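Everything on this sheet refers to the single structure shown next.
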Amino acid sequence: MRFSAFKIISEALRGHKGWDATWRDATPKSHYDYIIIGGGGHGLATAYYLARRYGKVNIAVIEKGWLGGGNVGRNTTIIRSNYMLNGNEPFYELSLQLWEGLEQDLNYNAMVSQRGILNLFHTDAQRDAFIRRGNAMLLNGADADLLTTAQIKSRYPFLNTEDARFPIKGGLAQHRGGTVRHDAVAWGYARAASRLGVDIIQNCEVTGLDIKKNKCVGVTTTRGPIKGGKIACCVAGSSSRVMAMAGMRLPIESHVLQAFVSEGLKPLIPGVITFGAGHFYCSQSDKGGLVFGGDIDGYNSYAQRGNLPVVEDVCEGGMAILPNLGRLRLLRMWGGIMDMSMDGSPIIDKTPIENLYFNGGWCYGGFKATPASGLCYAHLLATDTPHETATAYRFDRFEKGLMIDEKGQGNQPNLH
Amino acid sequence: MIINHPLLGPRDAAEFTYLGDASLIDRPDGMADNALPAFIDYGYLRDNNAGEHRELWFHEQGDRSWLVVTRHTVTHEITNVELASDVARKRGRSK
Amino acid sequence: MLAGAMRAYANRWATAVGDRIAIFANNDDAHRTAHDLHQLGVEIAAVIDSRPEAPKSDNFEVLAASEVVNTHGRLGINSIDVKTPQGLRQIQVSALGVSGGWNPNIHLTCHQRGRPEWDAALSAFVPSSDLPKALYVAGAANGKMTTAAAMQDAVTTAMKIAKDCGLKPKSLAVPKTSDESASVTPFWYVTGTERGWVDQQNDVTVKDIKLAHQENFRSVEHLKRYTTLGMATDQGKTSNVLGLAIMAHTAGQSIRETGTTIYRPPYSPTAIGVLAGRSRDMDFRPIRKTPSHKWAEEQGAVFVEVGMWYRAQWFPRAGETHWRQSVDREVETTRASVGVCDVTTLGKIDVQGADAAAFLNKIYCNGFAKLDVGKTRYGLMLREDGIAMDDGAAARLAEDHFVVTTTTANAVGVYRHMEFARQVLWPDMDVQLISTTESWAQYAVAGPNARNLLRKIVDATFDISNEAFPFMACGAITVCGGVRARLFRISFSGELAYEIAVPSRYGDAMIRALVAAGEDFGGCAYGTEALGVMRIEKGHAAGNELNGTTTALNLGMGRMVSTQKDSIGAVLSRRDGLTGDDALKLVGLKPCRTSDPVPAGSHLMTKGSPIDAKHDQGYVTSACYSPTLGHHIAIGFLKSGDQRLGEIVRLVSPLTNIEHDVEVVSAHFVDPEGDKLRA
Amino acid sequence: MPKLHAVSPLGYTTPHKDTVGAYAISEVTDWAMASVTARKDCGAAVKTILTKILKQPAPEVGGYCAGEIEAFWTGQSQWMLAAAFDEYEDIVASFAGIFKGKASLTEQTDGWCRFAITGPDLDRLCSLLCNIDMRGLTAGKASRTSIEHIGCFVLRSADDNMQIIGPRSSAGSLHHAIYTAAKSAPF
């Protein structure tokens, strides 16, 4: 069944009786050529591109809980490709381009909205760094625009430009950035993958990796053992736990990142705005609630819930640039587990164990990477060579000293 | 979260700054033959377990002690707090 | 509306929501609502109870085993259709109250991700039996829905808490209360009608839930996300149980099998301004001012925020209409005669103890053990991953006493790092640390007349001649007739220069005295902009160069990393990827056409190569107009830069529409041999 | 040669004082201060010397000994020693002899601003400012904590008398925080 305007009209006339299941709930088979561990955005996208772009069949995605229940369902929905370093920018630009064509590609409305993203800066040094970054974006074929304080004032009149402790001195905008309905991304990929024959298996937790003579030949799960040709781990915050089953220690720590939503209000914020003198970012969902966030809580956590000091810090950051939010009520907060890597950049690579592959270390930037992560991981799985935009995302970059450290914080994951 | 400081008693976690895994105490010898692989392991690889975790916190807004906190990374329950200097000595870091 | 709300309006605020009310319910408590309203004089049209065994009343009609199946009215309700065992009836009403019974208030038990459990007898979720340590629930929140049961539960729970705390509580009598009936029989939705409202805020209907099921959004989490059930301001307090009961029914599962989503904080929507408190507008973060702040204000200084500090950027004089005029004058005056600059904000850490020198040897990549007392040395501090962390000068005031300076931005982080090294890495070194940043007001005095100026300030008993107090000397002195001070002969500007520190309470007087003394030589005060210009002219790295990704090698200081000792970061700084032949090197850049700017943030391309990211050769970190040289200059990082002096490269900044040729030169634009420093 | 005149952390030539309702908030500038940190293995010896100087037992963890010469605990084997500014302006030189290399002394006098606060129900006033357990901070106790993002020491000399010591550069912000709290105090 394809979604179309005609289908919507005809279903409306027939009482919507004809819509079928968005994806098929599969029962595990005894063997797959590709087993993708993790039914989040990245895992589902990997399965989809593996089937669609690389023509592979006999693929399973196994998910310990419900599909899309990890970070793809608990983020602030922002997409952008405003990176500085050559190891990152081509990858994220590929991702943004995939977002731009996603809905046609998947035949699913993921509400991709290129409403723009604006990073404010507040010091001369920040301006210099943002110019360097904006130039890197343009040199990589992305878009970037430097805005003056006056331009910002006229476009975003509600920002605090009058009585600010750290006055706004300008901003770097990426007009192609924006937001996407996060849950719909998981559903869209699930539906498209399922239609290509991918088995999506929910409530199936991996309890062990079947490794014989340094070769991974399958997984054991709560729904029985499954043999596999290639086993691909794609579990974000649970990366260390799953890879520990293969005896691997990773350059990753798990940390909790909180996100917040306010009660709904009429359109106020036209795009995504980030504060540069504290950590706060905000956009407005199509339902009207402000969706915002800030720093990770800062200590290792698998708790999917946050702590109050960061709530306070985020609200302070919000009030610093958007003082008109004072009486707006915060409705709900939640936490996701971030696989914070040692340089703030991800890993898409083979492991030292044959046929075992790894995708993780997304820190808190995984959502925007979803399409490119899936495509590049599929490329690696299908061809055993890294995708051209992901050649830097290797395990060995730490021993070689080739870190991709956008923030310059070094090997302290909670600072990235 | 409340951290029960071994000298000062219960204090709000907001007074502290986090560093990471307590294995950072075990800094390798920079002059040893195998220094490079030892430092790569020390600097970059972590157990990152879901469960009991020993980790370093600095009482920045307090007495400036570095502490080793034993905390459960799923429940956040803190079961032990020690002065990092004591732990370091026990682990053989005396000069 | 909810029947409970009608009762609250009536009992608490003496407000009747209508003059003729019907109540549709499945539980005894709703009859109490009807009773209360009746007592207050509101006409009860009927109580429609889905249960065959509904309680009877003398005061109003009760229709047992009945359901409201439709409502009528345009702007408000004026009648309802009721399906009774006897047939369909239309009843005139002005308001309809609905009541599905009560849910325990379990929200707080979910905030640590506790999973509520279904209690079939209660037809509601109750707190998880596996609660976090030290969390107890009593009363209605624990599913004890009558006053007497809640009281009993409170006493039992209090006893349990006391026992768990190791106390031996005396037994407590339970207060006597009424024990009204709370009987309820589940009734989830009216069949035969499509648009039964489930979430009244987000307009989720029975039909939407059935459609979610049809499209495989069957997990309660999917149901919530797909239909937006429970995501409005009540956060599902009125709709969640209903919604998932309908899903369970549709899926042919029990509610226990279907499960529930969990509630997230806050319990009540909370104003963002409340959570932010006073930290807003100018009070967002505290302000740090140096002791000369008031003086600088009097001079009309333009301030800039550097971290929490406010620093004077430049001091405009009459007739100067553009900031560059002021900055150029300050630089020219300093280079020609003498200038005074407030450098109080630099971090200062006192390092004492028998192992102080050995400790600094660990902290800095270069050697400190052999530094003579009375001397200062530049120190470069690496992070353990081999990347440059901070730099500064360490002055040896005594055999066992150093004072270390840090950059303004990194003062807090460096102190924390040094405490880590002291307490955790080398816990038995005899070394003590304390910050003295705020104790001293410190001023740079720079320029050929710096010594002449200081001779008017420093007490005559101290010989500050070049011979007695050479480049990199330091020591305790007195100024202005006995005020304790410290003098360091260090230079950031490349001029003959000193930094002089006095206790902060004298800082205001000191800056006035220094500037007044400088006037005899035509000197002036200079701000952070002129400071920046002079350090770029001299090729000194600062924050833009120490950006967290650069190594000593990149900064042109690779040989400083000693191989003779074990210092923090030395090992990892030697990794292949950081030491390749094409590593970035700090270079100077000057425009081929002297009128061109060389702005920071530009990228560098080999001349003739395509202009794209693949061919990127480096980037500009710091730039300024050099009044000394009469054109713009910059420093930046270029691949193999030290091998490329004299090469013409392409500077590009597509973001600001700049592209032109620049020449790669030494980063030391002014006095490369350092003759001025030692004069 | 010019004479150097001192100014207070708030920038006045004489210490500033405010009265807000029942509260008096006074800038205090007449203490010289030095940190005293025991050298390796000298903790006990330094305590003995401090006891001699203070003429009362040296403060234990979290302790504050008021007096003509006063001291409070700031960290492991570390104290802040304070004495009258007029007499002890060069406080390190004044006490270096008595510690005889058993402790590292560092002048801290001008690193800090100090506000004395007197008035009723200081526990509640301070609970508007910081998150330490004020009821536990009885007379003779000291604690370092954060007040509106400013790291401060809070000393209690009596039920109705506290001292807040904060970084000198943030004197204005700290004063504003205390003043605002006193004004907001509904008691």
Name the residue, out of C:525, C:509, C:497, C:516, that is more than 34 Å from the chain's Cα centre (by Cα), at pLDDT 95 or above, of a type in the set (A, V, I, L, M) and surrounded by fewer than 22 Cβ atoms within 10 Å (Cβ to Cβ).
-> C:516
Using beta carbons and a limit of 8 Å, which pairs, at least six apart or on different chains, have the first residue in region D:78-104 and farther than 21 Å from residue C:355 by Cα and assigned by TED's automatic domain parsing to the domain that holds residue D:52 and the second one of a type in the set (Ser, Thr, Tyr) and open to solvent by less than 40 Å² (accessible area, probe 1.4 Å)?
-> D:80/D:35; D:80/D:74; D:81/D:35; D:85/D:29; D:85/D:109; D:89/D:109; D:91/D:109
Within region C:309-341, the residues that are under 21 Å from residue C:442 (Cα atoms) and either at pLDDT below 95 or hydroxyl-bearing (Ser, Thr, Tyr) (or both) are C:310, C:333, C:334, C:337
Sole exception among (1) in contact with a Pro (Cβ under 8 Å, 6 or more places away or on another chain); (2) in a loop (DSSP other than H, G, I, E, B) for residue C:563, by number = (1)
Do we have any residue at all in region A:255-277 that's within 7 Å of another protein chain (Cβ to nearest Cβ), more than 25 Å from residue A:173 (Cβ to Cβ) and out of contact with any His (no Cβ under 8 Å at 6 or more places or on another chain)?
-> yes
Pick from region A:110-125 the residues that are at pLDDT 95 or above and open to solvent by 20 Å² or more (accessible area, probe 1.4 Å): which of them is nearest to the chain's Cα centre (by Cα)?
-> A:112
Would you check which residues across region A:365-383 are polar (S, T, N, Q) and open to solvent by 10 Å² or more (accessible area, probe 1.4 Å) and list them?
-> A:383
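This table checks each residue for (1) of a type in the set (A, V, I, L, M, F, W, C); (2) in a helix (DSSP H, G or I); (3) in contact (Cβ under 8 Å) with a residue 40 or more places away in the chain.
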{"position": "A:69", "(1), (2), (3)": "no, no, no"}
{"position": "A:72", "(1), (2), (3)": "yes, yes, yes"}
{"position": "A:93", "(1), (2), (3)": "no, yes, yes"}
{"position": "A:98", "(1), (2), (3)": "yes, yes, yes"}
{"position": "A:104", "(1), (2), (3)": "no, yes, no"}
{"position": "A:109", "(1), (2), (3)": "no, no, yes"}
{"position": "A:130", "(1), (2), (3)": "yes, yes, yes"}
Residues of region C:217-233 being under 16 Å from residue C:248 (Cα atoms), open to solvent by 10 Å² or more (accessible area, probe 1.4 Å) and either in contact (Cβ under 8 Å) with a residue 60 or more places away in the chain or within 7 Å of another protein chain (Cβ to nearest Cβ) (or both), in sequence order, are C:219, C:221
So residue D:120 fits all but one of (1) surrounded by fewer than 17 Cβ atoms within 10 Å (Cβ to Cβ); (2) touching a Gly at 6+ places or on another chain (Cβ under 7 Å); what number is the exception?
-> (2)
In region D:38-77, what residues are in contact (Cβ under 8 Å) with a residue 12 or more places away in the chain and over 18 Å from residue D:103 (Cα atoms)?
-> D:55, D:62, D:63, D:64, D:65, D:66, D:67, D:68
Would you pick out the residues in region C:437-466 that are surrounded by fewer than 20 Cβ atoms within 10 Å (Cβ to Cβ) and touching a residue at least 40 places away in the same chain (Cβ under 8 Å)?
-> C:448, C:452, C:456, C:466
For strands (runs of 3 or more DSSP E) lying entirely in region A:167-256, having 3 or more residues that are among the β-branched types (Val, Ile, Thr) picks out A:206-212, A:215-221
From the set of residues in region A:328-354 that are in contact with a helix residue (DSSP H, G or I) (Cβ under 6 Å, 6 or more places away or on another chain) and assigned to a loop (DSSP other than H, G, I, E, B), which is most open to solvent (accessible area, probe 1.4 Å)?
-> A:328
Which ones in region B:43-59 are modelled with pLDDT of 95 or more and open to solvent by 20 Å² or more (accessible area, probe 1.4 Å)?
-> B:45, B:47, B:50, B:52, B:54
Every residue from region C:126-145 that is in contact with a helix residue (DSSP H, G or I) (Cβ under 9 Å, 6 or more places away or on another chain) and either loosely packed, with under 14 Cβ neighbours inside 10 Å or in a loop (DSSP other than H, G, I, E, B) (or both) = C:127, C:128, C:131, C:132, C:134, C:135, C:136, C:137, C:138, C:143, C:144, C:145
With the checklist (1) within 10 Å of another protein chain (Cβ to nearest Cβ); (2) within 30 Å of residue C:110 (Cα to Cα); (3) open to solvent by less than 30 Å² (accessible area, probe 1.4 Å) in hand, flag the one item residue C:261 doesn't pass.
-> (1)
List the strands (runs of 3 or more DSSP E) that sit entirely inside region B:27-89 and contain at least 1 residues that are among the hydroxyl-bearing types (Ser, Thr, Tyr) and within 11 Å of chain C (Cβ to nearest Cβ).
-> B:78-83
Examine region C:554-567 for a residue that is within 13 Å of chain A (Cβ to nearest Cβ), touching a Leu at 6+ places or on another chain (Cβ under 7 Å) and within 19 Å of residue C:390 (Cα to Cα), and state whether such a residue exists.
-> yes
Test for residue C:76: is it surrounded by fewer than 17 Cβ atoms within 10 Å (Cβ to Cβ) and either assigned to a loop (DSSP other than H, G, I, E, B) or of a type in the set (Val, Ile, Thr) (or both) = yes
Would you mind stating whether residue C:623 is under 25 Å from residue C:346 (Cβ atoms), modelled with pLDDT of 95 or more and more than 13 Å from chain A (Cβ to nearest Cβ)?
-> no
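The values are calculated or read from the model by the stated rules, or taken from the named source; none is laboratory data. Treat the numbers as computed from the prediction; the structure is a model and nothing was measured. With ideal geometry, Cβ positions are generated from the backbone for all residues, glycine too; neighbour counts draw on all protein chains shown. Accessible surface areas use protein heavy atoms only, side chains included; no ligands, DNA or RNA. Shrake-Rupley method; radii C 1.70, N 1.55, O 1.52, S 1.80 Å.
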